[in-house]
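The values are calculated or read from the model by the stated rules, or taken from the named source; none is laboratory data. Quick caveat: nothing in here was measured; it's all calculated off a predicted structure. Note: ideal-geometry Cβ built from the backbone for every residue, glycine included; neighbour counts use all protein chains shown.
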Amino acid sequence: MELLQQKIVNEGKVLSDTVLKVDSFLNHQIDPELMLALGKEYAARFADCGITKILTLESSGIAPATMAGLELKVPVIFARKRKSLTLVDQLYSAKVYSFTKKETNEISVSKDYLSEKDVVLIIDDFLANGQAVLGLLDIVEQADAKLAGVGIVIEKGFQNGGNQFRERGIRVESLAIISSLENGMVRFKEEETVR
Ligand code: 5GP
């Protein structure tokens, strides 16, 4: 997606060969217009899938997921990383190892909001080794819900998450796929060097 690639080029900071910082529009400050454009793109790509719920992980998945929910006119659930005092319901939970924080969190979703009647679109900000998406897939399976696919904002194609899911037959739609962050440069999958 051209608009997203330009934003990454203009504002992304390459922190290492494996980590890209996009705090100015996705992970700290949020660009609502860009998020709306992402939401429209997911809605177009998954238009005919009969999606009933969008599932994401707090906190950086919430903005793009909400815009996709707005466009598809379905509710958005975010898995919580910490048990809230108000989360007293029965829970689906899964363990997720964080690529950036190097710690394991237990994520949870109330059983009130996800069931076998649902068709779920999982959305997250980044796809690296796939641990976050694996945790969300686990929750979808626990609910016996149907999976429509996975929508990612930025996939790092040089890490194995995306291929691992595609090989399993899971539909993964990433709006930008980075092939390399070596030498401080962002290269997208199309092989073009843009910075
Ligand atoms: P995975 O679970 O696929 O290994 O990593 C995905 C999660 O780690 C995302 O939810 C995101 O929060 C974080 N993450 C992974 N790689 C990056 C990165 O290069 N930059 C940022 N900002 N977050 C990342």
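Looking at this structure, is G169 touching a Lys or Arg at 6+ places or on another chain (Cβ under 8 Å) and either modelled with pLDDT under 95 or more than 10 Å from the ligand (Cβ to nearest atom) (or both)? Criteria not met by G169. Listed by first and then second residue, the pairs linking a residue in region 160-173 that is free of Cβ contacts under 8 Å to residues at least 12 places away in the same chain to a residue that is within 15 Å of the ligand (Cβ to nearest atom) and among the small types (G, A, S), with Cβ atoms under 7 Å apart and 6 or more places separating them unless they lie on different chains, form an empty list.
Taken together, the residues in region 10-42 that are crowded, with 18+ Cβ neighbours inside 10 Å, in contact with a Lys or Arg (Cβ under 9 Å, 6 or more places away or on another chain) and without any contact (Cβ under 8 Å) to a residue 60 or more places away in the chain amount to 2.
Restricting attention to region 112-130, which residues are among the small types (G, A, S) and more than 16 Å from the ligand (Cβ to nearest atom)? Scanning region 112-130 gives a single hit, S115. What's the number of the only condition in (1) in contact with a strand residue (DSSP E or B) (Cβ under 9 Å, 6 or more places away or on another chain); (2) surrounded by fewer than 21 Cβ atoms within 10 Å (Cβ to Cβ); (3) part of a loop (DSSP other than H, G, I, E, B) that L114 fails to meet? Here L114 meets the rest and fails (2). Scanning region 131-153 for residues that are under 16 Å from R171 (Cα atoms), within 11 Å of the ligand (Cβ to nearest atom) and surrounded by fewer than 23 Cβ atoms within 10 Å (Cβ to Cβ) gives a single hit, L134. Can you name the number of the only condition in (1) surrounded by fewer than 16 Cβ atoms within 10 Å (Cβ to Cβ); (2) basic (K, R); (3) more than 16 Å from the ligand (Cβ to nearest atom) that K53 fails? Answer for K53: the failing condition is (1).
Total residues in region 95-111 satisfying the condition of being in contact with a Ser or Thr (Cβ under 8 Å, 6 or more places away or on another chain) and surrounded by 13 or more Cβ atoms within 10 Å (Cβ to Cβ): the figure is 8.
Would you confirm, using the coordinates I've provided, whether V74 is touching a residue at least 12 places away in the same chain (Cβ under 8 Å) and in contact with a Leu (Cβ under 9 Å, 6 or more places away or on another chain)? Here the answer is yes, as V74 does meet what is asked.
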